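Heads up, the thing below is written out as structure tokens.
Laboratory data are not the source of any read-out in this text; all were calculated from the coordinates shown. Nothing here was measured: the structure is a model prediction, and the numbers come from that model. Heads up, the Cβs are rebuilt from the backbone with ideal geometry, glycines too, and the neighbour counts pull from every protein chain shown.
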Amino acid sequence: MPSFRIAVLPGDGIGAEVTPEAMKALHAVGRGAGLTFEFEQALVGGAAIDATGDPLPPASLRLCQQAQAILFGAVGGPKWEDAPHEKRPERGLLALRKELDLFANLRPAKCFPMLVDASPLKRAVVEGTDLMVIRELTGGLYFGEPRGVERFADGGARAVNTMAYTTREIDRVARAAFEVARKRRRRLTSVDKVNVLVVSQLWREVVTQVAKEYPDVTLEHILVDNCAMALVQRPTQFDTLVTENTFGDILSDEAAILAGSMGMLPSASLGGRVGLYEPVHGTAPDIAGKGIANPIAALLSAAMLLRYSLDRPQDADRVDTAVLRVLEQGHRTADIRGEGEKVVGTREMGELIVGEINAQY
Ligand code: NAD
């Protein structure tokens with residue numbers, strides 16, 4: 001029986017409420033498909049600061065390094081807001097990304113047919129949207145050198161950030177993107193600003209070179225400003241997109257509104273040997289502890305874990321299908337409720353989805 005070691009870091013707030021539901025879904029997949037999941041839980045974020053003073057204790061990092069994949073909840077909250085920079089909960093997540101060399105951030109945006117009306121865009125525009133934004137996560141404008149502020153004697157100043165990429169950095173995220181596109185509809189859109197930025201010229205050159213090794217994937221290039229417009233005008237034209245760190249930060253948030261609610265958005269960060277899977281949302285202090293958070297983003301993150309780290313696409317499809325069926329039956333958490341619809345809590349939503357996973361084996 002195949003066995004997989006999964007590090008589980010629920011973190012704070014609703015992270016600790018939705019992650020157990022994702023674990024239940026993986027258990028159900030394990031029972032159905034004859035797989036064993038060994039879950040090992042560790043502290044991160046505010047919970048880790050309270051227990052050890054460190055947002056990513058060495059034991060948690062070790063556990064992640066030795067696992068096959070990481071199921072992550074969310075970190076942060078008002079309790080730690082005034083803590084010094086190095087003692088803030090989000091340092092735990094940033095340190096993990098760095099230590100594990102997670103250079104590709106995957107954010108799918110899918111519009112579920114029964115939630116179309118939750119989107120601020122017209123039905124005719126968003127219906128059928130199913131795209132994936134891949135953001136380069138460890139280079140580009142966020143980390144390029146030189147960077148800093150120069151103060152002048154006259155009281156003025158000059159601030160600099162640099163958008164810099166090496167061939168190697170572009171090559172590896174491009175490969176990750178082509179691999180993802182292969183698992184989807186085999187269309188990749190590379191987003192850049194080649195008409196203005198030299199770094200985009202190198203980006204385009206390297207992506208085009210890598211494309212020669214993926215003749216089964218269709219590649220197109222688009223300028224980032226055009227892409228921003230097209231995402232809200234004709235989002236159904238896209239399948240997989242890959243782009244620079246800052247462009248990706250902005251475009252993935254723009255794409256997120258297509259799906260309706262924060263509670264529906266999963267993500268994956270890939271790169272080195274171990275992938276990290278987490279909902280896009282944070283710890284939602286306004287609803288934490290009430291048992292009403294939507295666990296679907298966490299469950300869909302578990303489906304991504306099956307697809308991208310464990311190479312179990314059919315099991316991933318079953319989790320996705322289970323979510324769809326439960327929504328089709330009309331079950332809703334408070335965040336996605338339409339008028340007159342009945343509401344279930346976090347656990348009940350998790351159990352309903354597990355029931356639909358079981359029904360498919
Ligand atoms: P948030 O995503 O936590 O919440 C934004 C809004 O969406 C809130 O009204 C919340 O109730 C709602 N929401 C989010 N997830 C939901 C779910 N699953 N079900 C139902 N409603 C949901 O963002 P925020 O309020 O800006 O941040 C709160 C805390 O989370 C902060 O400390 C922030 O730093 C942290 N944060 C962490 C991460 C992470 O760990 N990756 C990401 C974003 C924010």
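What the table below lists for this structure:
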item: Cα gyration tensor of region 64-115 - equivalent ellipsoid semi-axes, whole Å, descending; result: 26, 19, 10
item: Residue-span extension gain [D101 to R62] - 0.36 nm each, minus C-alpha spacing; result: 12.6 nm
item: Environment charge of W80, counting only residues whose C-beta is closer than 11 Å and scoring Lys/Arg +1, Asp/Glu -1; result: -1
item: At 0.692 mPa s and 37 °C, Stokes diffusion of region 36-159 via Kirkwood alpha-carbon radius, µm² per second; result: 179 µm²/s
item: All-pairs alpha carbon distance profile, region 263-308, 10 Å steps from 0, percent; result: 28, 46, 21, 5
item: Extension gain, E90 back to D50 (0.36 nm per residue minus Cα-Cα distance, nm); result: 13.0 nm
item: Straight-distance crosslink candidates among lysines, where the alpha carbon sits under 20 Å from K110 and sequence neighbours closer than 8 are dropped; result: K122, K183
item: For R312, distant residues with modelled amide H under 5 Å away; result: R307
item: Contact order normalised by residue count of the chain, Cα under 8 Å, 6+ apart, percent; result: 22 percent
item: Cα-projected label distance for Q360 with Q314, points at 7 Å along beta-carbon direction, nm; result: 1.2 nm
item: Over 29 Å (Cα to Cα) - which of K87/K290; K290/K342; K79/K193; K79/K290 fall in this group; result: K79/K193
item: Candidates K193, K342, K24: whichever shows maximal mean-square fluctuation once the chain is modelled as a Gaussian network with Cα springs under 10 Å; result: K342
item: Per-selection Kirkwood Rh - the chain (Cα, Å, 1 d.p.); result: 21.2 Å
item: Top of T236, T189, T167 by mean-square fluctuation, Gaussian network on the chain, Cα under 10 Å; result: T167
item: Translational diffusion of region 152-237, µm² s⁻¹ [Kirkwood Rh, Cα pairs; Stokes-Einstein; 20 °C; 1.002 mPa s]; result: 146 µm²/s
item: Contour minus Cα-Cα distance for E38 and E205 (0.36 nm per residue); result: 55.8 nm
item: Three-way shape call for region 282-340 based on the alpha-carbon gyration tensor, with the a/c threshold at 1.5; result: oblate
item: Protection-proxy order for peptides 150-162, 305-317, 99-111, 204-216, each taking the mean of Cβ atoms within 10 Å per residue, highest first; result: 99-111, 305-317, 204-216, 150-162
item: Per-pair calculated FRET efficiency, R0 = 35 Å: M229 and T321 via Cβ, rounded to 0.05; result: 0.60
item: Mean Cα-pair separation over length for region 1-157, i.e. relative contact order, pairs under 8 Å, 6 or more apart, %; result: 21 percent
item: For A109, residues with placed amide H under 5 Å, excluding near neighbours; result: L131, M132, V133
item: Size of charge dipole - the chain - debye, nearest 20, with Cβ of Lys, Arg +1 and Asp, Glu -1, no other charges; result: 600 debye
item: Where only alpha carbons of region 86-146 are counted, the Rg and the Dmax (Å); result: 17.1, 48
